[in-house]
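See below for the structure under consideration.
None of the figures in this text is laboratory data; all of them are computed from the coordinates on show. Computed from a predicted structure; not experimentally measured. Here the Cβ positions follow ideal geometry from the backbone for every residue, glycine too, while neighbour counts run over all protein chains shown.
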Amino acid sequence: MNYSKLLFVAFAFMVLAVLPSMSGQYGLDLATKIMVFAIFALSLELLVGTTGLVCFGQAAFLGIGAYSAVLLSPSDRAGNVLLLLPASMLLAGIYALMVGALSLRTKGVYFIMVTLAFAQMAYYVVHDTPLGGGTDGIYLLIKPTVGDWLDLDRPLVLYQFTLTCLLGSFVFLALLGRSRFGRALAGIRVNEQRMRATGFSTYPYKLAAFVISGALSGLAGFLFAVKDGFVNPELMSWHISGEVLIIVILGGLGHLRGALIGAFAFALLQEFFKSEAIFGEFAKHWHLGLGCTIITSVALLPKGLVGVPGQIATRLSGAALGGLYNPGGKHGRN
């Protein structure tokens with residue numbers, strides 16, 4: 001990561017750190033929600049952008065983390081964050097291990113369909129059984145704490161805790177990408193056959209990435225459950241997996257900061273098209289406006305939002321060179 005990218009990321013986290021002093025309760029709640037989905041997007045970025053594995057079942061790990069946080073919480077008192085958070089990540093990671101061990105033996109569209117099938121299986125387990133309250137879902141009535149110094153029932157504390165988790169996830173994945181393990185994943189994305197020819201057994205690397213991705217999704221699920229105090233089966237449905245995939249593509253594949261930008265852009269676009277003050281009655285059809293915007297973005301920005309500065313710089317330099325060498329221009333040849 002060069003200095004300009006590092007400065008951008010540092011500036012973004014600084015803005016998030018001071019945001020509570022500049023926004024009201026609604027802005028604080030919205031920013032917390034976006035940061036949860038940013039962690040979720042980072043988990044998928046590890047698979048899609050870094051390893052080249054297009055997973056369409058990521059919502060299952062998010063849901064397992066969320067349901068674990070609620071089901072493992074005591075009903076009569078506050079649970080301990082230091083126990084519930086690792087447990088949510090562990091259970092999501094274990095399910096990711098099971099799914100990855102089988103699905104990674106397939107490739108291409110078959111891999112996509114197998115991960116989707118496992119996600120739907122998890123969805124119907126909580127949807128059609130009393131395990132997680134069935135279709136009605138379950139409530140987290142008492143938010144977890146750590147003694148008196150970390151009470152996640154307080155919105156500001158939850159915001160700061162979520163920001164810390166987001167920063168930790170970003171730094172962890174950035175360091176992972178610069179390690180030998182991360183370079184092996186990048187090599188698998190570029191040419192898996194060549195990696196095998198050089199002596200790498202790619203399956204363990206892909207499985208490890210899958211488990212790490214699932215555990216990070218479990219972290220996002222834990223934060224989601226704590227924030228809303230409620231979990232239902234829709235959190236594990238296929239459209240959530242599609243949504244986070246759109247976020248990663250919108251931000252820019254292969255870039256951690258792209259997952260952050262994509263999460264904020266997607267959520268703010270949703271809020272924009274849902275605004276009745278701007279669109280009036282048409283706000284009921286906000287999906288249409290959001291869909292058209294995303295299609296236009298993908299068509300005009302093939303590298304995602306992170307590629308916008310590069311595209312602008314390329315066009316400006318192209319225009320300057322065009323004026324310099326244009327025979328009819330001021331600086332052209334006579």
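So that you can scan it fast, the table gives a plain yes or no per residue for (1) without any contact (Cβ under 8 Å) to a residue 12 or more places away in the chain; (2) part of a loop (DSSP other than H, G, I, E, B); (3) under 24 Å from the mean Cα position of the chain (by Cα); (4) farther than 23 Å from residue 100 by Cβ:
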residue: 163; (1), (2), (3), (4): no, no, yes, yes
residue: 177; (1), (2), (3), (4): no, no, yes, no
residue: 191; (1), (2), (3), (4): yes, no, no, no
residue: 203; (1), (2), (3), (4): no, no, yes, no
residue: 208; (1), (2), (3), (4): no, no, yes, no
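The set of residues in segment 94-144 that are within 22 Å of the chain's Cα centre (by Cα), of a type in the set (Gly, Ala, Ser) and surrounded by fewer than 22 Cβ atoms within 10 Å (Cβ to Cβ) comprises 108, 117, 122. If the requirement is being among the β-branched types (Val, Ile, Thr) and in contact with a strand residue (DSSP E or B) (Cβ under 8 Å, 6 or more places away or on another chain), which of these qualifies: 231, 306? None of the others qualify; the one that does is 231. Contact map, segment 250-266: first residue on the phi > 0 side of the Ramachandran plot, second residue assigned to a loop (DSSP other than H, G, I, E, B) and of a type in the set (A, V, I, L, M, F, W, C), Cβ cut-off under 9 Å, separation 6 or more or different chains; pairs are 252/301.
Please specify each residue of segment 263-289 satisfying the condition of being farther than 20 Å from residue 29 by Cβ and buried (at least 17 other Cβ atoms within 10 Å of the Cβ). Of everything in segment 263-289, just one residue is farther than 20 Å from residue 29 by Cβ and buried (at least 17 other Cβ atoms within 10 Å of the Cβ), namely 289.
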